[in-house]
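Participant: After the structure tokens below, expect a handful of questions from me.
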Amino acid sequence: MTFTNTIPLVTSMAILAVVTSIAAPAFAETYEVQMLNKDPENKKNKNIFKPAFLKINPGDTVKFVSANKGHNTQSVKGMIPEGAEKWKSKISKDFEITFDVEGTYGYKCTPHYAMGMVGVIVVGNGNGNLAAAKSKKAPKKAAKAFEALYAQVTE
Ligand SMILES: [Cu+2]
């Protein structure tokens, strides 16, 4: 008697598992980060990533949009989690990257690093490498910008 009850349960669980694994990638999202000469909301704010701080889930994608020419995005050495791939995009080109490794990612615009054009992306829980990222030296203006961004990492 219990035999007949067990089969449908196992079958439905198996179906559920298959449906869940197929459906999972559909929930991955794509976020946009604009690379700008000026902040449209504050013209004094020049050479920026907008938004400069982003919190996403593992598997999500970030598209860096070359809204104004002359910018790129490059991971900062020592500011990404262990096992994560570094990146460097071409100047004035859109660039997409999918993040699978949890942690905190500090990145910069290569030509405007000294001017403080930086951003931070937190993938899942950012705490794993946060202390290491914070301790990494950067040019004065970039260091100040990173400090404000890293302060937003809450978990
Ligand atoms: Cu730039």
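What follows draws every value from the coordinates through simple rules; no lab data is involved. No experiment lies behind these values; they were computed from the predicted model shown. Cβ sites come from the backbone with ideal geometry, for glycine too, and all protein chains shown count toward neighbours.
Participant: Please determine, by comparing only the residues of the range 40-55 that are hydrophobic (A, V, I, L, M, F, W, C) and either within 16 Å of the ligand (Cβ to nearest atom) or touching a Ser or Thr at 6+ places or on another chain (Cβ under 6 Å) (or both), which one is farthest from Tyr113 (Cα to Cα).
Facilitator: Ala52
Participant: Could you list, in sequence order, all residues of the range 76-106 that are closer than 27 Å to Thr154 by Cα, part of a loop (DSSP other than H, G, I, E, B), within 16 Å of the ligand (Cβ to nearest atom) and over 12 Å from the mean Cα position of the chain (by Cα)?
Facilitator: The one that is closer than 27 Å to Thr154 by Cα, part of a loop (DSSP other than H, G, I, E, B), within 16 Å of the ligand (Cβ to nearest atom) and over 12 Å from the mean Cα position of the chain (by Cα): Val76.
Participant: Answer yes or no as to whether Lys50 is over 18 Å from Tyr31 (Cβ atoms) and either of a type in the set (D, E, K, R) or in contact with a Gly (Cβ under 6 Å, 6 or more places away or on another chain) (or both).
Facilitator: Criteria not met by Lys50.
Participant: Would you mention how many residues in the range 38-75 are outside any strand (DSSP E or B) and buried (at least 16 other Cβ atoms within 10 Å of the Cβ)?
Facilitator: Qualifying residue count, the range 38-75: 6.
Participant: Now for a different question. List pairs: first residue in the range 56-72 and at positive phi and within 10 Å of the ligand (Cβ to nearest atom), second residue part of a loop (DSSP other than H, G, I, E, B) and of a type in the set (Val, Ile, Thr) anywhere in the structure, Cβ distance under 7 angstrom, at least six positions apart or on different chains.
Facilitator: Between residues of the range 56-72 that are at positive phi and within 10 Å of the ligand (Cβ to nearest atom) and residues that are part of a loop (DSSP other than H, G, I, E, B) and of a type in the set (Val, Ile, Thr), the close pairs are Gly70/Ile91.
Participant: Let me ask another. Can you name the condition, by its number, that Ala132 falls short on among (1) outside any helix (DSSP H, G or I); (2) closer than 15 Å to Lys77 by Cβ; (3) among the small types (Gly, Ala, Ser)?
Facilitator: The number of the failed condition is (1).
Participant: I need the full set of residues from the range 116-155 which are surrounded by fewer than 16 Cβ atoms within 10 Å (Cβ to Cβ), of a type in the set (A, V, I, L, M) and closer than 30 Å to Ser92 by Cβ, in order please.
Facilitator: Hits for the range 116-155 are Ala143, Ala148.
Participant: Go through (1) more than 16 Å from the ligand (Cβ to nearest atom); (2) within 18 Å of the chain's Cα centre (by Cα) for Ala143 and report which single condition fails.
Facilitator: (2) is the only condition that Ala143 fails.
Participant: I'd like to know if the range 107-127 contains one or more residues that are within 16 Å of the ligand (Cβ to nearest atom), part of a loop (DSSP other than H, G, I, E, B), hydroxyl-bearing (Ser, Thr, Tyr) and at negative phi.
Facilitator: Yes: one or more hits.
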